[in-house]
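*Asks:* Structure incoming, see below.
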Amino acid sequence: AKFKLSSSGTQPVASIAGTTAAPALQVDQRGTGDLFTASASGHTAFVITRAGNVGIDTGNPTQKFQVDTGNALIRGVTNIASPGDRASLFLGDTNNAITAINGTGLTLSAFLATDALTVQNTSGNVGINTTSPVAKLDVRGSSATLPVASIAGTSNFAAMVVNNSGAG
């Protein structure tokens, strides 16, 4: 290593501070090694590879973002603290998302179909085209020319089985 700092105790080994329009720290890796690696006792905790892949708890991430041990937590802009607050994971673009909504549950959105599928967090009810399903499966439609639900298939069994063992 051409530049090395070492220390012990409770103070940081190095600190970078600046008042500038440029980056406070810029890394320009012209060799074949990683851009940045942070480790604890020889175990890689965080890495940014030359390809731009980011790894947490892995030294060799194969995707743009990879967490090897543990979970990833997305709290959203408002820390999902109040009813209606959202935290989303976008897939492909901002039209396709898996979203947690405080007080509602989990929703799946696809292009032009916001909150197309909802799983309520208290009842487990599933809603299609509603964020407030009132039954285990609640399908709602609003087209004047299309059916609300359609069941089709090639089977030696019934296409749909309704079993009401209750009193209703």
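*Asks:* Could you tell me what percent of the accessible area of the chain is made up of carbon and sulfur, with a 1.4 Å probe and every protein chain present?
*Replies:* The value for the chain is 55 percent carbon and sulfur by accessible area.
*Asks:* Follow-up question, since we're still on this one. Suppose we flag chymotrypsin sites (Phe, Trp or Tyr not before Pro) only when DSSP calls them loop and at most 13 other Cβ atoms lie within 10 Å. Which is the longest uninterrupted stretch of the chain?
*Replies:* It works out to 4-110.
*Asks:* Here is a follow-up. Starting from the Cα of ALA51, step 7 Å toward the Cβ, then list every residue of the stretch 1-40 with an amide N under 16 Å from that point.
*Replies:* 32-36
*Asks:* I would also like to ask the following. Given charges of +1 on the Cβ of Lys and Arg and -1 on the Cβ of Asp and Glu, with all other atoms neutral, how large is the dipole of the chain about its Cα centre, in debye to the nearest 20?
*Replies:* 260
*Asks:* While we're looking at this one, here's another question. Counting other C-beta atoms within 10 Å, and keeping those with at most 12, which DSSP coil trypsin sites (Lys or Arg not before Pro) do you find in the stretch 52-96?
*Replies:* Those that pass, being in a loop and sparsely packed, are LYS64, ARG75.
*Asks:* Please work out whether the stretch 98-148 counts as rounded, prolate or oblate from its C-alpha gyration tensor, where a ≥ b ≥ c are the square roots of the eigenvalues and a/c under 1.5 means rounded, while otherwise a/b larger than b/c means prolate and anything else oblate?
*Replies:* Judged from the Cα gyration tensor, the stretch 98-148 comes out oblate (a/c at least 1.5, b/c at or above a/b).
*Asks:* Something else about it: Students often forget the sequence filter, so: which aspartates and glutamates lie under 16 Å Cα-Cα from LYS2 once same-chain residues fewer than 8 apart are removed?
*Replies:* By straight Cα distance, LYS2 reaches ASP28.
*Asks:* Let me ask something else. Round to the nearest 0.05 the FRET efficiency obtained for SER150 and PHE111 when R0 = 22 Å and r is the Cβ-Cβ distance.
*Replies:* 0.55
*Asks:* Per residue, how much accessible surface does the chain expose to a 1.4 Å probe? Answer in Å², no decimals.
*Replies:* That works out to 77 Å² per residue.
*Asks:* How much length is gained on full extension from GLN29 to THR62, taking 0.36 nm per residue of separation minus their Cα-Cα distance?
*Replies:* Full extension of this stretch gives 10.0 nm more.
The values are calculated or read from the model by the stated rules, or taken from the named source; none is laboratory data. Keep in mind it's a predicted model, so treat the numbers as computed, not measured. All Cβ positions, even for glycine, are placed from backbone atoms using ideal geometry, and neighbour counts span all protein chains on display. Quick note on the areas: whole protein, heavy atoms, side chains included, nothing else; ligands and nucleic acids left out. Shrake-Rupley method; radii C 1.70, N 1.55, O 1.52, S 1.80 Å.
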